[in-house]
Every structure is written in C-alpha cells, then in structure tokens.
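Every read-out reported here was derived from the displayed coordinates using simple, explicitly stated rules and does not represent laboratory data. Worth saying up front: this structure is predicted, and the values here are computed from it rather than measured. Methodologically, a virtual Cβ is constructed for each residue, glycine included, from the backbone with ideal geometry; neighbour enumeration extends over all protein chains shown.
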Amino acid sequence: MSNYTPEEVNMLIKMIKAKVPARQPDIVSGKPLLIKTERTIKFLDSRHKHFNPTKEMLAYIIGIAENSDLDPALLKKMKEDLLTKR
C-alpha cells in the first residue's frame, strides 16, 4: 500500500475536476444528479491526510488520468499500488 501525500491528493482532485463533464439534471426532479466523478472528488477532498483508495477507485482514477497531464510519477505510483491490491 502506498502512502499518498496531501499534495498528491490535491493533484488528483485538480486533474479529475478538469475532466468532469457538465452536471446533468435529473429528468424528473430537475436537480443535478451526483455522478461518480463528483462522489470521487468529495471522497478525495475528505481524505487529504489519509488517502487509502480501493482497487476499484484506483482503476477509475487511473482510467481518467491516462489521457491527462497528471504527474507521470504519481500515475506510476498509482499503477503499482493497483497491482498490489487484492
């Protein structure tokens, strides 16, 4: 398990926010739906001091980060962490 610094978590939040599509309103209520990226950002925002992502979350973030300008060292660290998770 890798330890992620608050600075690395901030980089992830910034990268994901840049990739978030426009919020789509619910057809019935008209209120914005909480999409997976928004939930991920909220989770990351609450975990600056202790970020221990699940295998699914790592795979999701890596999928977004593949085509972004995220620090290559952080992306490599996340991929190595994904391989060690069960």
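Side notes on the structure shown:
- For region 40-76, the tally of residues that are basic (K, R), under 14 Å from the mean Cα position of the chain (by Cα) and in a helix (DSSP H, G or I) stands at 2.
- Tally, over region 46-58, of residues that are in contact with a Lys or Arg (Cβ under 9 Å, 6 or more places away or on another chain) and farther than 13 Å from L12 by Cα: 2
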